[in-house]
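Read through the structure below, which is laid out as structure tokens, and then see the notes.
The values are calculated or read from the model by the stated rules, or taken from the named source; none is laboratory data. These figures come from a predicted structure and were not determined experimentally. Cβ atoms come from the backbone with ideal geometry, glycine included; neighbour counts cover every protein chain shown. With ligands, DNA and RNA removed, areas are computed over all heavy atoms of the protein, side chains included. Shrake-Rupley method; radii C 1.70, N 1.55, O 1.52, S 1.80 Å.
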Amino acid sequence: MKTKFTKETYLYWYELMLLLRRFEEKAGQLYGMQKIRGFCHLYIGQEAIAAGAMTATKQGDKMITAYRDHALAIAKGISAKACMAELYGKATGCSKGKGGSMHFFDKELGFFGGHGIVGAQIGTGAGLAFAEQYLGTDNVVLCFFGDGAARQGMLHETFNMAMLWKLPVIFICENNHYAMGTSVQRTSNVLDIYKLADAYEMPADSIDGMSCEAVHEGIDRAVVRAREGGGPTLLEIKTYRYRGHSMSDPAKYRTKEEVEEYKEKDPLTMVLQTLKDNKWITDAEVEAINERVKAEVEESVKFAEESPWPSDDELLKDVYIQQDYPFITD
């Protein structure tokens, strides 16, 4: 069976997506045990986007996303240990235990959050791209947001300026069809979100988000354009989350049949089938990957359990304030 991609790429995709899936499943389990508190939004079903994005970009490229951020953070290189510790609110977490589920962050790895304010990361993503352009790098920024955030005014202001300045940013709408729990059909007259780019003469495309291959190819085209000075692209990547919007969402606004229909296109199953069809993997090798991923997730839980809580003196650290701010009056 001929493919456009190598055995190594498919093996990378499969192991990465399996790690993301198992990490999220464990996070859901721990949330039910009240080990993880607050908000928790799982990425289960959307893993092909993270996998395809990684193979279409390079190390210096930046990522910024919304609150459904665990999988993209791990894909970008933040360790499962640091991510699990952050979910626990421990000092060893990637945001020192002060960000929690929605605010993963690692400047050195180029992962800039994790944002809880719907759509706010769209403007910040363009700002990151402006910084790369200003510094004269050839890095690009992948700015992820959901179909719900596409309703925010921030998107239109940012699209206009990003096109005017030809910023090296790829706006990626992870359209899982339901935002928090209301379908796109009930919230927008424009059902094909990628068409919003037309008002700004921005290149745009609609991508199958259940396919690593399609995601890679779509992002790769946009990345090449951005690196060559062609400016931004809007990609509407149509995907599906198998779980509710968050752990508190019973997802009664959709049918079980619809969920099962999408599970038949599960990206893990599709990639594994390609590996088997090409005789690129044996059952023993599949089992070895399973065990390796299982061990990594279990180690992350052990690390989080054994890590200390942030000390009291951390409370006011990392809070930005100008001590001599001149406009405060008594």
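Okay, here's what the table says:
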read-out	value
Loop-located GluC sites (Glu not before Pro) in segment 211-246 whose Cβ has at most 15 other Cβ within 10 Å (DSSP)	Glu228
Charge dipole magnitude, Cβ of K and R +1, D and E -1 - segment 196-330, Cα centre, debye nearest 20	480 debye
Loop-located GluC sites (Glu not before Pro) in segment 249-282 whose Cβ has at most 10 other Cβ within 10 Å (DSSP)	Glu264
Spatially near lysine pairs across segment 1-128, Cα under 16 Å, sequence gap of 8 or more or different chains	16
Whole-Å distance, taken between Cα centres, linking segment 66-92 and segment 245-321	11 Å
In Å², nearest 10: area of Ser311 left accessible to a 1.4 Å probe	60 Å²
Charge sum, other residues only, whose C-beta stays under 9 Å from Phe112's C-beta, Lys/Arg counted +1 and Asp/Glu -1	+1
Candidate residues Cys212, Cys94: accessible-area rank, largest first, probe 1.4 Å	Cys94, Cys212
Residue-by-residue Karplus 3J(HN,Hα) for segment 278-290, coefficients 6.51, -1.76, 1.60, Hz, glycine and proline x	8, 6, 8, 8, 9, 4, 5, 5, 4, 5, 5, 5, 4
About the Cα centre, charge dipole magnitude for segment 166-265 (Lys/Arg +1, Asp/Glu -1 at Cβ), debye	360 debye
Area of Ile44 that stays accessible when all protein chains are in place (1.4 Å probe, Å², to 10)	10 Å²
Shape of segment 84-126, Cα gyration tensor, a/c cut at 1.5	oblate
Qualifying chymotrypsin sites (Phe, Trp or Tyr not before Pro) for segment 121-180 [loop in DSSP, other Cβ within 10 Å: at most 16]	Trp165
Which of Lys252, Lys195 is most accessible, then next, and so on - probe 1.4 Å	Lys252, Lys195
Reachable lysines, given that their alpha-carbon falls under 16 Å from the alpha-carbon of Lys263 and they are not under 8 places away in the same chain	Lys238
GNM top mover of His41, His103, His156 - the chain, alpha-carbon springs below 10 Å	His156
Placed amide H near Val141: partners under 5 Å, 5+ positions off or other chain	Lys62, Val169, Ile170
Dipole moment magnitude, nearest 20 debye, the chain about Cα centre, only Lys, Arg, Asp, Glu C-beta charged	320 debye
222 nm mean residue ellipticity, helices alone, for the chain (DSSP H n ≥ 4; -39,500 (n - 2.57); rounded to 500)	-13500 deg cm²/dmol
Gaussian network model of the chain, Cα within-10 Å springs - most flexible of Ile122, Ile289, Ile78	Ile289
Table column - 3J(HN,Hα) (Hz), segment 6-16, Karplus curve with 6.51, -1.76, 1.60, x for Gly and Pro	7, 4, 4, 5, 5, 5, 4, 4, 5, 5, 4
Cα lying deepest toward the dipole's positive end in the chain, options Met154, Phe111, Leu316, charges on Cβ	Met154
Surrounding net charge for Pro203, when Lys and Arg each add one and Asp and Glu each subtract one, Cβ distance under 15 Å	-3
Segment Gln59-Arg254, length gained on full extension (0.36 nm per residue, minus Cα span)	66.4 nm
Distance between modelled label sites at His156 and Met33, nm, 7 Å Cα→Cβ extension	4.8 nm
Gyration tensor (alpha-carbon) shape descriptor, segment 203-284, a/c threshold 1.5	oblate
Cut-off under 5 Å, modelled amide H: who pairs with Ile207 long-range	Glu236, Ile237, Lys238
GNM result for the chain, Cα springs below 10 Å: residue of Ala162, Ala149, Ala284 fluctuating most strongly	Ala284
